[in-house]
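*Asks:* Attaching a single structure in structure tokens format; questions to follow.
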Amino acid sequence: MESLKSFIDSLFEPTRYFLGSVAAVAAIFFWRRFFSKSIVILAFFLLGTAFFVWAPRNDTDFRAIITKPDNIPIVMLLGSVVFFSWLALRQAVINDERRKKGGAGNEGELGKQKVYTWPDLVYTEFICIIAFTAFLIVWSIVVEAPIEEPAATARTPNPSKAPWYFLGLQEMLVYFDPWIAGVVLPGFIIVGLMAVPYLDTNPKGNGYYTFEERPFAWAFFWVGFILFWVSFVILGTFLRGPNWSFFGPFEFWDVHKLEPLVNVDLSTYFWVDWLGRALPKSPLVREAPGILSLLAFFLVLPPLLGKTLLKGLVARMGVVRFNVFMHFMLWFALMPTKMLLRWTVNLKYIIGIPEWFFNV
Amino acid sequence: MADRGDTHYRVRTLNRWFAWSSLALLVATFWMVIDDWSRPWKTYQKGFRALEVERARAELESPQARAALEEEARLSQELADAQGRFASSHSELEAAEKTLTELEHQGFIATEGEKKLKQQYNWERFVTEGYLIQRGEGQGYQAKLANLKAYEDRLAAASGVKQAADARVVEQKAKIAAMRSSISTIESELKASTRDIDLVRKKLASQAPEDAPTKIANVVRDFPGLDFIGPSLKVQKVMPPDLTFELNFTRKQRIDMCQTCHLAVDREGFEGETHPFRTHPRPDLFLSAKSPHPLNQLGCTICHRGSGESLDFQRADHRATDEEEGERWHEEYGWYKQHYWDYPMLSSRFVEASCVQCHKTSMDLIAPEAPEVAEGYRLFERYGCHACHKVDGFPTTRRPGPTLAKILQKTRPEFVQAWVTNPKSFRPTTWMPQVFHLENYASDVTVVASHYGLGREMKGDEWSDTAVAAVSAFVGSRSATEPLPPIPVQGDATRGREVFRLSGCLACHNMAPFTPEGRSEAKDPALQLRETNEHGPNLRGIASKVHPEWLYAWIRDPKAYWPQTRMPDLRLSDPDAADVVAYVFDDPDGIFHDVPEGWAEGKRPYERDVLEEQARWFFNRTLRSELDRLFREEWKSDEALLEAVGEKWVLNQGCHSCHEIPGLENAQPIGTELTTWGSKTIDKLDFGFLPEILAREHGWDHHRETEFKQYRENFLTWKLRNPRIYDREKIKNPTERLRMPWFDFTEDQIQAIATFVVGLVNDEVQHAKMIPSPEKAAMDKGLRVVRQKNCAACHVIEPGTIEFLDEDGHPHAVRGQFQLLDEEELLPPPMAGFSEYLADYESYMREDDPEFELEEVYAQLLEPVPGLGDVGTTFSIADVGSIRTKPAWGGDLVPVIADYYLRPGIRSDVEDQEGTLTGDGAGNVQDVDGQWRSFTEEVYEKIRWTYAPPVLIDEGSKLQRDWFYRFLLEPVPLREQIRVRMPTFDWAEGEAAAVADLFANRARLEWPKGYARKLLLALGKTPAEIAAEMASMRLNGSTESQIQGILDGKPVETAAGIANLVAYGGAQGFSMASAVSPQYETLPQRTPSHLDPYLAQMPDFYDEVHALIIQPGGPNCISCHFLAGDPPTNESPIAWAPDLAHTRERLRPNWIRDWLSDPARIYPGTTMPANFALDQEQWQGLYPAPASEQIEAVITWLFNLDRALIKN
């Protein structure tokens, strides 16, 4: 029992958790035909339910985390996101199958029909609102909507967590300087989402589910939303404990847990570890490796890729669109890159100039 | 909406969905309102209401109520009769009432008319004035003025009409009242007789209404959603003014809503109920309006903590007394410790902690009411906690341990080493804690594992031994070493024993055997442990510790060695001191060389490499190369290295906090500041791995483990039990381990100290400016000094209390003492351990007479008790089994002294001791006068009053405060034959004055009680009778309960009623010496206005009284009293009494008045006879006047003795 718990705990070690999630997404996409079977989701839910019945009974720490009134919606989120993602994938797989056989998509016929705003949309929405409000009231009565301790500026709660929907942003704060994690990256998320209609030149997949016609969009959505948003919400809720340390689901949230981290800037790696010399005095010289590699990342990589691997994409999108798109993608890629560098080689900053409050 | 048929969803279905979901929302909304409305406290309030109704109904069933109801029926009948009779004259009354109505009507019209005119007049006046100021005195003005005049006349006329109308109304009313008079008398009688039951009825009517409209109204008032208007069930709150708590850097007003459920806390009569309807204990002290802690001033949470604004069992942060209750709560209420509130409720075991926040400067004063926390405060000082742990406002900064500046003059380095290793191995009762060889440096602990590359593990034992060697080397290096001068006189051990026993050494020191078995076997009172003789260290084995020269110097002048010592100067002469030293070192009784088993004095082994390792740790900021050089050069000799490391150890372990060590006087103490420890949030306390360890040991679940960490008290209790426990299972480097030493506290001591420390909070009450009155502050300081100087070791300050049931089974609690059980006994039964004593006595008696049964015990009153008698009255207690005793406060030395005089040596533990004291071996003893006397010659009482330290009960009424103060500063011998010494204390500023003030204030506070009791005894009346008489004398507000309150010494009743009682007593011809004023008191006896009448009437006044005093046929005072240095004529020192010349400066005339008339009423058993008994004719041949005037004359003479003697 204990070894099983510690095995599960070890699975949730951040690198494994993240890389495992990436691998899981890849696997689901690769074997999507298998995964979109009803039996799979049924098995998944049965196993999941069994787990959520078994685990809290056998572990006080796990029970404490998942039954905290604050956290119950996240447990619900877990099930609903999985279900709806699966449903979409299943629809796409079925459509793709049909298409292969030469038929029309599932929604093909329906797509030609029209429905009324009233009552088919607005009325149903209205009913949903009423029912959901009733549900919320009942729920808050039953769980006794939680109140926390009296606020005190001198003693913030530990861990001090953002609202659940911002836990993804809060997670980024671990890896980036606040101005990047709190301003630049959220800005790019918004601008990037706004730019999608202008960047997306693929006309397919309108009004019906399909995977094979839009593999990139699927991958991007799953990685961006499910991995980087939903899974960070789950991670932030269940796995981040006091002092924002990482805890396995069966681990006790010990305030005194130490993270043996000595994070080091890239400049230290470059000058001290590789060249075996002291750090240069001038910040610009000192941080030259970081500055150069970031410049290369943003300036060299797009044309290089455009000339080689993504030649077809440039042709389809045009140079301007391609470059804008690449920049969004590179900013996005910076996130897992930095996370992995932090977890694996304790990299603190790629460019670290605290003198100028400029850290990347 | 009609279904068009072309929509995706069918509208009918949607409508159904809409209807059901709306219904669900409606239900949810109602549920929300009801859920919000249904609160547990409402159930409690309903329950309490039911309880009150039940009580009211029971009250209406009581015999008194029945009697009142019968009376009511009778009167109602009478009223009906009277009304019937009155009905005959009905028409007349009706007419009169009609007239009255008419007249009142007219009066109303007249009044209104007058009002109207008055307004008009005022308006005209305003207009006229305005005209004058704007236009001047023209013609127009004259016209206006005339107009005004006219109004004035009309107003006067209207006033006349109104007055006349009013007068007619009054007249008519009187007429009607006269007609109705017979009825009104019965009506008012009825009202008076039913007042009490009417109250009950009214209460019933409001709590349990019987009429439907009120019932419905009550339901509606409390209905969900409507209960915001004026509900009958509502939250009760107290907002004590100025009491706040800290929240987010601001101070927030306390709002305590506890009373919402705890409905009867401030109401008497609910003592027997269960929570939450129980009355708060001790309503005389807490919550009632007349108590010092009224509810509306203090609320609840200031003392109990917890969350006062919460109305829910859980959120109020209730706290179980013990685990069992916690378990029960857990099952009943789903209780757990909510961790969101920083100030959890104090469990009842710790609730006294809250006294500290207000009473930090009056802890000694509140000791009788809050024994636990006061004990903690005393222990905190006694064990010197304050030396390491700073506490702002703690009344002392004295270092609790003796100075080490001259330690090598006192003892040997080998002793120091062995002592430092483990002080308790030499003296198990020492309050010096053990510092080394504790758990986190235990023998099996690896302290360092080759940290600096020495290549070997060092274990706790060698580490500690080396540390001890270093510390003692360092302490020795800082000590003065020049030898003390030799003892100038050759001492005599036998005489020394006498000096030792009789001078008072044993007041503060004991010589108790080390083991509990040995202690219980000790017959000699000098070897027994008492409350007070642990003030100084146990002297057993002392000769194995100190040098004789040091002991001699120390006894002669303790301050010379250690200026801060508590040991006073007994003013022993050189030979006396030398004798004591001889007694200690010759040790004929085998006490002073006795050491516990296993004690061995000697140097501890140490190892150079361990020492060097310690140096590396302590000097870790010194470069390694530099250290290596030091090891080779400066620290080449072990001595030098030991001293260098020793200093670091001393600073590390905090030896300097308690002991003065030259060079380290200003070093910082090592402990955490505790000033506001009780407010520290628990997340700042490092419990280490203790919760996990305890959980493992006791199989605690997760909740229990977390709960353990939620309470500060737990941290403290375990820390005091084992100060190093939080290092358990931790890996720490050798210099950062926990350092608090181990005191070996008992669980009771731990509880007490923890209670005190938990009470040290971020002092909110300072914000409310609650400070004790100057009298209270003075008394507190006095009590503190009395404790520190150990006055109670010699002097009885308060008599003991005897509780028993009398023949009728009524309980009594009186201050008194037991009488001898039979003639074989020498000492009266002790108050402490009385029942054990009786059991011993009975089993002893049954050896001869198996049938023996103790039938009664005699006791003597030490306070006047109405119904039993005055001071000195002996009474018998037949129900011996019912006796409970509370020992007297003080006088522990008295048995030791009395034992010496009564039967010298016989109780000594060494069999053949008899006769080795200054005795003749045949049961005779040589006294201070050199006379031999048989030890059975005198009774205990006489010995006690002659040779033992004086009793100080009510000393404040006896002594002039200023003389007392001077005496404390510089004692003068009062009784020449007494051998116990009043020591010369080294008083700090204000201390002696505080003691004198304490006694004066005590006398002032005790006086009303004594007055009331003596008054009752003198008049032979009960409080009820006196209250009735006082009421008839219009001494208003004097109720029976108030008089009872004065008799019981309750402050509130006393303050309210004593003046009336004294007025009553005066009217009854009762007189008693007036109360003590703690301020300056005048001596009228020395003033011309007092003296002149005597001298005018009797020119030879001084001679006359002198003759009365010294005549052998008269009172013959000088038979026992010294007179201005002349010894008494009686040669037996047992009767010697103080010099009369002291009287003028020493005693209060009021006290002498009572004393001369009946000394036994003040000191039962005193040898002073009642020379001037008020009810007897005596000495009229010598001084022709009644006894009371004789007393006045003697007092006048005594207070002018200087003048009288000059004249002679």
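*Asks:* How about the range B:176-199: which of its residues are at pLDDT below 85 and β-branched (Val, Ile, Thr)?
*Replies:* B:ILE183, B:THR185, B:ILE186, B:THR194, B:ILE197
*Asks:* Return the only residue of A:VAL138, A:VAL143 being surrounded by 12 or more Cβ atoms within 10 Å (Cβ to Cβ), under 16 Å from A:ILE72 (Cβ atoms), out of contact with any Gly (no Cβ under 7 Å at 6 or more places or on another chain) and within 8 Å of chain B (Cβ to nearest Cβ). Full working, then the answer.
*Replies:* Working: A:VAL143 fails: within 8 Å of chain B (Cβ to nearest Cβ).
Answer to the selection: A:VAL138.
*Asks:* Filtering the range A:47-64 down to residues that are exposed (fewer than 13 other Cβ atoms within 10 Å of the Cβ) and β-branched (Val, Ile, Thr), which residue is farthest from A:GLY79 (Cα to Cα)?
*Replies:* A:VAL53
*Asks:* Provide a single number: the residues in the range B:1-43 that are of a type outside the set (A, V, I, L, M) and within 25 Å of A:SER140 (Cα to Cα).
*Replies:* Adding up the residues that qualify gives 17.
*Asks:* Additional query: Which residue is modelled with the lowest pLDDT, if the candidates are limited to the range B:939-950 and must be buried (at least 22 other Cβ atoms within 10 Å of the Cβ) and under 31 Å from the mean Cα position of the chain (by Cα)?
*Replies:* By that ranking, first place goes to B:ARG944.
*Asks:* Show me the helices (runs of 4 or more DSSP H) entirely contained within the range A:1-97 in which 2 or more residues are over 24 Å from A:SER160 (Cα atoms) and of a type outside the set (Gly, Ala, Ser). Write out each step before concluding.
*Replies:* On the way: elements: A:2-11, A:14-30, A:32-35, A:38-58, A:60-66.
It comes to A:2-11, A:14-30, A:32-35, A:38-58.
*Asks:* Return the residues of the range B:245-269 that are under 30 Å from A:PRO157 (Cβ atoms), away from every other protein chain (no Cβ under 13 Å) and in a loop (DSSP other than H, G, I, E, B); say none if nothing qualifies.
*Replies:* Listed by number, the residues that qualify are B:ARG254, B:ILE255, B:MET257, B:CYS261.
*Asks:* Check A:GLU287 against each of (1) in contact with a helix residue (DSSP H, G or I) (Cβ under 6 Å, 6 or more places away or on another chain); (2) acidic (Asp, Glu); (3) within 14 Å of another protein chain (Cβ to nearest Cβ) and name the one condition it does not meet.
*Replies:* Result: A:GLU287 fails condition (3) only.
*Asks:* Let me ask something else. Hey, any hits in the range B:334-345 for a residue that's more than 14 Å from every other protein chain (Cβ to nearest Cβ), in contact (Cβ under 8 Å) with a residue 24 or more places away in the chain and under 19 Å from the mean Cα position of the chain (by Cα)? Step through it out loud before you land on a result.
*Replies:* Kept after step one, since they are more than 14 Å from every other protein chain (Cβ to nearest Cβ), are these residues of the range B:334-345: B:335, B:345.
Going one step further and asking which of them are in contact (Cβ under 8 Å) with a residue 24 or more places away in the chain, we end up with B:345.
Next, only the ones that are under 19 Å from the mean Cα position of the chain (by Cα) stay: none.
No, the range B:334-345 has no match at all.
*Asks:* Check the range A:194-205 and report whether any residue there is surrounded by 11 or more Cβ atoms within 10 Å (Cβ to Cβ), under 18 Å from the mean Cα position of the chain (by Cα) and at pLDDT 90 or above.
*Replies:* no
*Asks:* Oh, and also: List the helices (runs of 4 or more DSSP H) inside the range B:121-234, counting only whole elements, that have at least 2 residues being surrounded by 15 or more Cβ atoms within 10 Å (Cβ to Cβ) and β-branched (Val, Ile, Thr). Quick ask: steps written out before the conclusion?
*Replies:* Working: elements: B:139-193, B:195-207, B:212-221.
Because the criterion is at least 2 residues that are surrounded by 15 or more Cβ atoms within 10 Å (Cβ to Cβ) and β-branched (Val, Ile, Thr), the helices (runs of 4 or more DSSP H) in the range B:121-234 that meet it are B:139-193, B:195-207.
*Asks:* Another question, then. Return only the number of the condition from (1) within 14 Å of chain B (Cβ to nearest Cβ); (2) modelled with pLDDT of 90 or more that A:LEU42 does not satisfy.
*Replies:* (1)
*Asks:* From B:PRO281, B:PRO231, B:PRO241, which residue is free of Cβ contacts under 8 Å to residues at least 12 places away in the same chain, under 27 Å from the mean Cα position of the chain (by Cα) and more than 14 Å from chain A (Cβ to nearest Cβ)?
*Replies:* B:PRO281
*Asks:* What is the number of the single condition among (1) out of contact with any His (no Cβ under 8 Å at 6 or more places or on another chain); (2) facing chain B (nearest Cβ under 8 Å); (3) over 24 Å from A:MET76 (Cβ atoms) that A:TYR116 does not meet?
*Replies:* Checking A:TYR116 against (1) out of contact with any His (no Cβ under 8 Å at 6 or more places or on another chain); (2) facing chain B (nearest Cβ under 8 Å); (3) over 24 Å from A:MET76 (Cβ atoms), the one that fails is (1).
*Asks:* Tally time: how many residues in the range B:9-28 are at the interface with chain A (Cβ under 7 Å from one of its Cβ atoms) and either polar (S, T, N, Q) or touching an Asp or Glu at 6+ places or on another chain (Cβ under 6 Å) (or both)?
*Replies:* The total comes to 4.
*Asks:* Name the single residue, out of those in the range B:864-906 being in contact with a helix residue (DSSP H, G or I) (Cβ under 7 Å, 6 or more places away or on another chain) and part of a loop (DSSP other than H, G, I, E, B), that is modelled with the lowest pLDDT.
*Replies:* Of everything passing the filter in the range B:864-906, B:GLY905 is modelled with the lowest pLDDT.
*Asks:* Can you tell me which residue within the range A:224-253, out of those that are out of contact with any Phe, Trp or Tyr (no Cβ under 8 Å at 6 or more places or on another chain) and within 14 Å of chain B (Cβ to nearest Cβ), is modelled with the lowest pLDDT?
*Replies:* The qualifying residue modelled with the lowest pLDDT is A:PHE252.
*Asks:* Does B:GLN409 count as farther than 24 Å from B:MET779 by Cα, surrounded by fewer than 21 Cβ atoms within 10 Å (Cβ to Cβ) and not charged (D, E, K, R)? I'd like the intermediate steps shown before the answer.
*Replies:* Working: farther than 24 Å from B:MET779 by Cα: yes; surrounded by fewer than 21 Cβ atoms within 10 Å (Cβ to Cβ): yes; not charged (D, E, K, R): yes.
Judged against the criteria, B:GLN409 is a match.
*Asks:* Out of B:GLU1081, B:GLU1053, which single residue is in a loop (DSSP other than H, G, I, E, B) and acidic (Asp, Glu)?
*Replies:* B:GLU1081
*Asks:* Do we have any residue at all in the range B:739-751 that's within 30 Å of B:ASP986 (Cα to Cα) and of a type outside the set (A, V, I, L, M, F, W, C)?
*Replies:* yes
*Asks:* How many residues are crowded, with 17+ Cβ neighbours inside 10 Å, touching a Pro at 6+ places or on another chain (Cβ under 9 Å) and of a type in the set (A, V, I, L, M) when one looks only at the range B:1056-1084?
*Replies:* The total comes to 5.
*Asks:* A further question follows. Return the total of residues in the range B:29-69 being within 14 Å of chain A (Cβ to nearest Cβ) and aliphatic (A, V, I, L, M).
*Replies:* First, pick out the residues of the range B:29-69 that are within 14 Å of chain A (Cβ to nearest Cβ): B:29-40.
Next, from what is left, pick out any that are aliphatic (A, V, I, L, M): B:32-34.
The number of residues fulfilling the criteria is 3.
*Asks:* Would it be correct to say that B:PHE426 is crowded, with 20+ Cβ neighbours inside 10 Å, at pLDDT 95 or above and among the hydrophobic types (A, V, I, L, M, F, W, C)? Break it down into steps so the answer makes sense when it comes.
*Replies:* Working: crowded, with 20+ Cβ neighbours inside 10 Å: yes; at pLDDT 95 or above: no; among the hydrophobic types (A, V, I, L, M, F, W, C): yes.
Considered against the rule, which asks whether it is crowded, with 20+ Cβ neighbours inside 10 Å, at pLDDT 95 or above and among the hydrophobic types (A, V, I, L, M, F, W, C), B:PHE426 comes out as no.
*Asks:* Among residues belonging to the range B:1037-1055 that are of a type in the set (A, V, I, L, M, F, W, C) and surrounded by fewer than 17 Cβ atoms within 10 Å (Cβ to Cβ), point out the one that is nearest to B:PRO1149 (Cα to Cα).
*Replies:* Restricting to residues being of a type in the set (A, V, I, L, M, F, W, C) and surrounded by fewer than 17 Cβ atoms within 10 Å (Cβ to Cβ), the top hit is B:ALA1055.
*Asks:* Return yes when B:LYS789 is among the basic types (Lys, Arg) and touching a Phe, Trp or Tyr at 6+ places or on another chain (Cβ under 8 Å) and no when it is not.
*Replies:* Values: among the basic types (Lys, Arg): yes; touching a Phe, Trp or Tyr at 6+ places or on another chain (Cβ under 8 Å): yes.
Yes.
*Asks:* Residue under question is B:ALA667, and the condition is that it be surrounded by fewer than 18 Cβ atoms within 10 Å (Cβ to Cβ), out of contact with any Phe, Trp or Tyr (no Cβ under 7 Å at 6 or more places or on another chain), more than 14 Å from every other protein chain (Cβ to nearest Cβ) and free of Cβ contacts under 8 Å to residues at least 40 places away in the same chain; does it hold?
*Replies:* Taking the combined requirement at face value, the residue satisfies it.
One line per residue, one yes/no per condition, for (1) within 14 Å of chain A (Cβ to nearest Cβ); (2) closer than 19 Å to B:THR421 by Cβ; (3) at pLDDT 90 or above:
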{"residue": "B:LYS680", "(1), (2), (3)": "yes, no, no"}
{"residue": "B:ALA695", "(1), (2), (3)": "yes, no, yes"}
{"residue": "B:LYS709", "(1), (2), (3)": "yes, no, no"}
{"residue": "B:ARG724", "(1), (2), (3)": "no, yes, yes"}
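*Asks:* Can you pull out every residue in the range A:257-283 that is free of Cβ contacts under 8 Å to residues at least 60 places away in the same chain and exposed (fewer than 14 other Cβ atoms within 10 Å of the Cβ)? Talk me through it step by step, then tell me what you get.
*Replies:* The initial filter retains those residues of the range A:257-283 that are free of Cβ contacts under 8 Å to residues at least 60 places away in the same chain, namely A:257-260, A:268, A:270-282.
Hits for the range A:257-283 are A:LEU258, A:GLU259, A:PRO260, A:ASP273, A:TRP274, A:LEU275, A:GLY276, A:ARG277, A:ALA278, A:PRO280, A:LYS281, A:SER282.
The values are calculated or read from the model by the stated rules, or taken from the named source; none is laboratory data. The structure presented is a predicted model; accordingly, all values stated were derived computationally and were not measured. All Cβ positions, even for glycine, are placed from backbone atoms using ideal geometry, and neighbour counts span all protein chains on display.
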